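The values are calculated or read from the model by the stated rules, or taken from the named source; none is laboratory data. In this text the structure is predicted, and so the values were computed from the model without any measurement. Backbone-built Cβ (ideal geometry, glycine too); neighbour counts: all protein chains shown. For the accessible areas, the whole protein counts, side chains as well, though only heavy atoms, and no ligand, DNA or RNA atoms are used. Shrake-Rupley method; radii C 1.70, N 1.55, O 1.52, S 1.80 Å.
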Amino acid sequence: MQQRLVALVLFVAASAACASRPAASAFVGDVRVALKHVDAGKQLSRPELIRRAMRRSKARAAALSAVRRSRRGSARFFPGASDQPPPHQQQAPGATAVRPSGDLEYVVDLAIGTPPQRVSALLDTGSDLIWTQCAPCGSCMTQPDPLFAPAASASYEPARCAAPLCSDIPHHGCLRPADTCTYRYNYGDGTTTLGVYATERFTFASSSSAASGGGGDALSLSVPLGFGCGSVNVGSLNNGSGIVGFGRNPLSLVSQLSIRRFSYCLTPYASGRRSTLLFGSLAGGVYGDAAGDGPVQTTPLLQSPQNPTFYYVRLTGISVGGRRLRIPESAFALQPDGSGGVIVDSGTALTLLPAAVLAEVVRAFRAQLRLPFANGSSADDGVCFAVPAAWRRAASASAQVAVPRMVLHFQGADLDLPRRNYVLDDHRRGRLCLLLADSGDDGSTIGNLVQQDMRVLYDLEAETLSFAPAQC
């Protein structure tokens, strides 16, 4: 085992040079890029697409729960690195700082290097590190594009051990005598990347779509960024080559570019249309003078010192069928120790609620629907009800059972959900399923199904989250 660890370190060191350059500074302007869903082009029905997303959400729920339970650490660790701490200072496995899973939902196409090499990276608002798999690779996951080859790029420069971003990586080390920053980054589903931290030129090609609602012309962006060049990677990268972290910590794209605002407009999975991501100054906002298809609503963003990456909001209650449920606000509160709270996450499909809250919501739906639970439903199906035989025999697949309205109440804002954002009509199985699941702990997550066909704006200057209905 020790020989294998040494071999991996030597393998990583072989790809490293010793120069470094600061991370990119802030830019002026707006960049609009297209997002594609990870299952795009697979010719699957909406129920099939959502069932696949449900399975990913189950893994994501466990990963998010692991993040909330973990103690954020600053221990440095890289097998064989010269500054590896003594055993009594290393974190126990259960205390390892982790991030959510690499099995995400949306992919952004970009290019890295000079000349540019194409990379398909997963968008993650729940993590920070920007990284991709690199050649030569000792252990890599299957990906759609060729591995990024740093040796073929004139702008690739490994970071020095004393570089500011190197010290921001929870698990980092230093390879001597090259003075090269090394890293290990863990995700809650077991996905891990290990390699050299470097700077490289990233190019984001602007999409011509105006679906994001941004006014004016969007620009293409080519800037140097700090990133992980992973040569030992295990776990899951769902149809991607790496991950672009959009979290709130220094390693993320948001922080490195001092992005003031970013926004996305997510299309329904089965629509065939690409979603859009807009980031930059967004000085005029993404809504302009019009409110689009509905009123713009705004709620404060919260932060947790224990989990500073996440975008927290204050959820105050839930209504089903026009009746506000008897759920205390404390069930959604962000606690001083980092437990609880409600995060907005692009990488989770379902909306995840604590078991007691979910039970109350399901009880309200069952009482108003007056339908029995479906027999033989699996964990992948979520909460499903058996529908009347007449509905199952309906000639039109558009036939729908009347469902109570669902409203999420935030501080200063009410999100009245379109039916398709929280209900799945599965005609073939004769079921109606709620797109909700158990979070596994006392935290909650607002998933991307709830956010589809909405313009969602993260304003990091005003510390607010805004949303409005739209045809993305």
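Structure summary
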| quantity | calculated |
| --- | --- |
| Inter-site label distance for Gln368 and Asp145 at 7 Å from Cα along Cβ, in nm | 4.5 |
| Fully extended contour minus Cα-Cα distance, from Ser167 to Thr114, at 0.36 nm per residue | 16.4 nm |
| Length released on extending from Arg420 to Ala355, taking residue separation times 0.36 nm less the Cα-Cα span | 21.1 nm |
| Largest to smallest accessible area among Arg455, Arg273 [probe 1.4 Å] | Arg273, Arg455 |
| Probe 1.4 Å - accessible area at Glu461, Å² to nearest ten | 110 |
| Overall form of segment 151-280 per C-alpha gyration tensor (a/c, 1.5; a/b vs b/c) | prolate |
| Sequence ranges 437-444, 332-339, 253-260, 274-281, ranked by mean other-Cβ count within 10 angstrom, highest first | 274-281, 437-444, 253-260, 332-339 |
| Label-point separation, Ser330 to Ser45 (7 Å along Cα→Cβ), nm | 4.6 |
